[in-house]
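Here's the structure, in C-alpha cells; my notes come after.
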Amino acid sequence: MINRRGLLIILSSPSGAGKSTLSRRVLEDDPDVTFSVSATTRAPRPGEVDGREYYFKSREAFQELVANDGMLEHAEVFGNFYGSPRAPVEAAIDAGKDVLFDVDWQGGQQIRGSALKDAVVSIFILPPSIAALESRLMSRGQDSADVVASRMAQSRSEISHWAEYDYVLVNDDLDRAENELRSILIAERLRRDRNPGLVPFVQSLNEEFEERQS
C-alpha cells in the first residue's frame, strides 16, 4: 500500500443545509477521517474532558499560540476565544489521516490561508431552495421563531461565499449528497501530489524493468 498525506477537509454551509449531518455520517463510517478538536478559553463544563470536547487553554496560552502561528483559525465569541490548533492537525495529516473541519466561511478562509493550505479540500453545502432551508430550521424544533429568522438572515451572507470553495454540493437528497462527498474524498486521496509514496514505488517498477533486461 502506498502511503499518502492526509487531507484537511473544510465543510461549510448555512445553518440547516445539512453540514453537521453529513459530517457525522462520514465520521461514523470512515476510519480514515477524524474530527478537528478546537481549543477554547472558556471553562470546561461538567463531563467535558480536555482533548476530547476541547483543548482548554488560558487566554495567555491561547494568544501565545496565535502569535506563534499555532492556530489555523480562531475567533472571539461572547468573550471567549475559539480556534483550531495547528500541531495535532499537522501530525494527523502527516500520518495519512484526514481531518474534518465543520466551520463557517470565515474559519474556512483563515484555514485556506494557513501553513497547511496545500492539504486543504474545501466543500460548501447549499440547500435546494431558501424555502427548504427555512423549513429544515423550523422542523428542528430547537429554536424560537426569532432565532430562526436570525439564522435565515445570516444565511444569505454565508451563501454569498460559495464560489470560494473547491467543491459545491446541493443537498436536495441527503444520501446522494453523502455519496458525492465520499466521491470527492476518494478522488482527492488519489491525487498524485498527495501520494509521495508513488515516487519510490515507480522507481521500484523501473528497477524491475532493469532486472529483466540484465
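Read-outs throughout are calculated quantities, based only on the coordinates presented, and are distinct from any laboratory measurement. In this text the structure is predicted, and so the values were computed from the model without any measurement. Because the Cβ atoms are built from the backbone with ideal geometry, glycine has one as well, and the counts that use them run over all protein chains shown.
Can you give the relative contact order of the chain as a percent, counting alpha carbon pairs under 8 Å and 6+ residues apart?
Computed value for the chain: 32 percent relative contact order.
Order of Leu133, Leu174 from fewest to most other C-beta atoms within 10 Å?
Final ranking by Cβ density, sparse to dense: Leu174, Leu133.
Quick one: longest stretch of the chain between exposed loop GluC sites (Glu not before Pro), exposed meaning at most 14 other C-beta atoms within 10 Å and loop per DSSP?
54-214
In degrees between 0 and 90, to the nearest 10, how far off the longest principal axis of the chain does helix 19-29 point, with axes built from Cα atoms?
Long axis of 19-29 versus the principal axis of the chain: about 40 degrees.
Determine the gain in length on full extension of the stretch Arg59-Ala43; use 0.36 nm per residue of separation and subtract their C-alpha separation, reporting nm with one decimal.
4.7 nm
As a test of the formula, what do you get for the chain when each DSSP H run with n ≥ 4 contributes -39,500 (n - 2.57) and the sum is divided by the residue count, at 222 nm and rounded to the nearest 500 deg cm²/dmol?
Theoretical 222 nm ellipticity from helices: -13500 deg cm²/dmol.
Would you list Phe78, Phe35 from fewest to most Cβ contacts within 10 Å?
Exposure proxy ranking, most exposed first: Phe78, Phe35.
List the trypsin sites (Lys or Arg not before Pro) in the stretch 166-208 that DSSP assigns to loop (not H, G, I, E or B) and whose Cβ has at most 12 other Cβ atoms within 10 Å. Which are they?
Arg191
With springs connecting C-alpha atoms under 10 Å apart, model the chain as a Gaussian network and identify which of Ala43, Ala92, Ala17 has the largest mean-square fluctuation.
Greatest mean-square fluctuation among the candidates belongs to Ala43.
Counting other Cβ atoms within 10 Å, which trypsin sites (Lys or Arg not before Pro) in the stretch 22-131 have at most 12 and lie in a DSSP loop?
Taking the stretch 22-131 and a limit of 12 other Cβ atoms within 10 Å, the loop trypsin sites (Lys or Arg not before Pro) found are Arg52.
Kindly express, to the nearest 10 degrees and within the range 0 to 90, the angle between helix 174-189's C-alpha long axis and the longest C-alpha principal axis of the chain.
Helix 174-189 and the main axis of the chain meet at about 40 degrees.
Given charges of +1 on the Cβ of Lys and Arg and -1 on the Cβ of Asp and Glu, with all other atoms neutral, how large is the dipole of the stretch 85-214 about its Cα centre, in debye to the nearest 20?
The calculated dipole for the stretch 85-214 is roughly 220 debye.
Quick one, which of [x] 19.8, 83; [y] 17.1, 56; [z] 20.1, 79 is the actual Rg and Dmax of the Cα atoms in Å calculated for this model?
[z]
With only Lys, Arg, Asp and Glu charged, each at its Cβ (+1 for the first two, -1 for the last two), find how big the charge dipole of the stretch 70-114 is about the Cα centre; round to the nearest 20 debye.
Approximately 80 debye in magnitude.
What angle, in degrees between 0 and 90 and rounded to the nearest 10, separates the Cα long axis of helix 145-159 from the longest principal axis of the Cα atoms of the chain?
40
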